[in-house]
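To start, the structure under review is shown below, and the notes come after it.
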Amino acid sequence: MLEKVRLFAIRHCLFSSGEKVIVGVSGGPDSLCLLHVLDRLKGEWDLKLHVAHLNHKIRGIEADEDAAFVEKVAREWGIPFTIEARDVPALAREKGMSLEEAARYARYKFLAEVALKEGAKTIAVGHNADDQVETVVMHWVRGSGLAGLRGMLPRSRLVVGGEEYDLWLVRPLLDVTRAEIEAYCCEHGLTPRFDLSNLDTTYFRNRLRHELIPYLETFNPRFRELVRRSAQLFADDYDFLHQQVEASWKEVVEREEERGIIFSFPLWKSLHPAMQRGTLREAVRRMRRGLRDIGWVHIEEARKALMEGRAGIKITLPQGLVLVTGYRTFFIGEEGFVPSEDLPLLPSTEGLEEIALKVPGETLIPQTGWKVKVSLSPLSQLPPDWERNPDPWRAFLDWGKVSGPIRLRPRRPGDRFRPIGLKGGSKSLHEFMIDEKIPQYLRDRWPLLVDSEKILWVVGYHISEEAAITPETAEALIVRFEKE
């Protein structure tokens, strides 16, 4: 056992000489074996151990006895310790989690807090080879790609509730079976605690352990060995593919922002399906640091929708993320995210019913940094370039065709528009915005200049034929949007 753990730790660079290691100890066979082995190896590697135990307040007096047992062992072996309690059932109700998920969240949050308090960079836990089998099968049953099928890693960054810590989580016993651990405990006179909840098959993992995996072993007695070997192969394949994903990422991602990641639509569509999935998954990982709620199905449904190539698609992803397609780009980001490239171009009407404009005068659009300047001018005094008008944020309208006060507002259901060039016809504003390739995520906040009867100007695009200047125009209305 000692040699097996030593070689595994060296092969996977689990520890650095002289460092402090937080050891998660529940009191069961796995964690007690881990603590004993590390205690024997600490002199060789100059490790400073610190025991951490969390009472989940799930099992009443038995949980209290587990905590007392861990404290007794730590004192007898001369190892510093931190023992605390958290009300996991209350946490599960508060966060709407299953008891299993809440316990995991509380446990790793506690271990992170102990590590930060003690100035440690490494946390060791007692996951073993049989735990690895259960994890891989669980991910397979739930629907996972290579990232899940590789199972637990010997060494990985600690992620709790989507938050990534600058801490390493290591699993020195990941190559050791449960039977070997029990034999080691017997050989060294260790008397671990036994958690009866491990027999409760209402927990998903326990059903896998006690029902599904033994059943699968009736088809292949070496099933556990097969799964562990497959996990290693998947891990190698994942590492290779991840290198390819990183190369593809640089090609297809245009920008990364705090609240979203923007992709080039045509370049992404040209990727191999494996790279398409990989880049989508990487975007979710970067946005959410931890993929526990993002399964293969979510990624594949998003990929298939993107391959349709249509603008205006919106896909809801778990953990508050959305995927939204435009004409040239698409993004994965927070609900309500607008790429920063678009923000300077948009004097947004978000949150506004409408705003009256001073004629003549200057009106600020609240919370946007934009202002609207309105003036009146005889036709003969218009600037020389007014007919070709190279400025998309300026419009020249016939003041005599304007009915009532002019206002700025977002679109409304049923809006119709008569753009110049349609020869008297009209079209729905929705159809116009699609034709003009205004991104779907901007349409509800795009500013419209209106009077009491009609849309005068879809700002930045076309003016209405009903307000166009003609030779009979006596006075022109000039509207100009400026960024402060």
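Scanning segment 91-131 for residues that are outside any helix (DSSP H, G or I) and among the hydroxyl-bearing types (S, T, Y), which turns out farthest from S156 (Cα to Cα)?
Looking at the filtered set, the residue picked out is S98.
With (1) surrounded by 20 or more Cβ atoms within 10 Å (Cβ to Cβ); (2) in contact (Cβ under 8 Å) with a residue 40 or more places away in the chain; (3) closer than 23 Å to L323 by Cβ as the list, and I455 as the residue in question, which single condition is left unmet?
With (1) surrounded by 20 or more Cβ atoms within 10 Å (Cβ to Cβ); (2) in contact (Cβ under 8 Å) with a residue 40 or more places away in the chain; (3) closer than 23 Å to L323 by Cβ applied to I455, the lone miss is (3).
Tell me, which residue of segment 458-477 that is in a loop (DSSP other than H, G, I, E, B) and among the aliphatic types (A, V, I, L, M) is surrounded by the most Cβ atoms within 10 Å (Cβ to Cβ)?
Only one residue tops the list, namely V459.
Filter segment 353-387 down to residues that are touching a Leu at 6+ places or on another chain (Cβ under 8 Å), surrounded by fewer than 17 Cβ atoms within 10 Å (Cβ to Cβ) and part of a loop (DSSP other than H, G, I, E, B) and give me whichever is modelled with the lowest pLDDT.
Step by step, filter segment 353-387, then rank; the result is P366.
Could you give every pair whose Cβ atoms fall below 6 Å, whose first residue belongs to segment 418-445 and is within 22 Å of E354 (Cβ to Cβ), and whose second residue is aliphatic (A, V, I, L, M), counting only separations of at least 6 or pairs across chains?
The qualifying pairs are Y441/V324; R443/M433.
Please go through (1) surrounded by fewer than 16 Cβ atoms within 10 Å (Cβ to Cβ); (2) assigned to a loop (DSSP other than H, G, I, E, B); (3) modelled with pLDDT of 90 or more for R480 and return the number of the only condition it doesn't satisfy.
The failed condition is (2).
Can we say V136 is surrounded by 17 or more Cβ atoms within 10 Å (Cβ to Cβ), farther than 17 Å from H12 by Cα and outside the structural domain of I10 (by TED's automatic domain parsing)?
So V136 does not fit the description; no.
Does M307 qualify as being farther than 30 Å from E101 by Cβ and either among the small types (G, A, S) or at pLDDT below 95 (or both)?
Here the answer is yes, as M307 does meet what is asked.
Can you run down the residue pairs with Cβ atoms below 6 Å, 6 or more apart or on separate chains, where the first is in segment 192-208 and not assigned by TED's automatic domain parsing to the domain that holds H56 and the partner is surrounded by 12 or more Cβ atoms within 10 Å (Cβ to Cβ) and of a type in the set (G, A, S)?
Short answer, once both residue conditions are applied: none.
With (1) loosely packed, with under 14 Cβ neighbours inside 10 Å; (2) not in a loop (DSSP other than H, G, I, E, B) as the list, and L408 as the residue in question, which single condition is left unmet?
(1)
Taking segment 1-40, which residues are aromatic (F, W, Y) and not in a helix (DSSP H, G or I)?
Answer for segment 1-40, where residues must be aromatic (F, W, Y) and not in a helix (DSSP H, G or I): just F15.
The values are calculated or read from the model by the stated rules, or taken from the named source; none is laboratory data. A quick note: this is a predicted structure, and the numbers were derived from the prediction, not measured. Cβ sites come from the backbone with ideal geometry, for glycine too, and all protein chains shown count toward neighbours.
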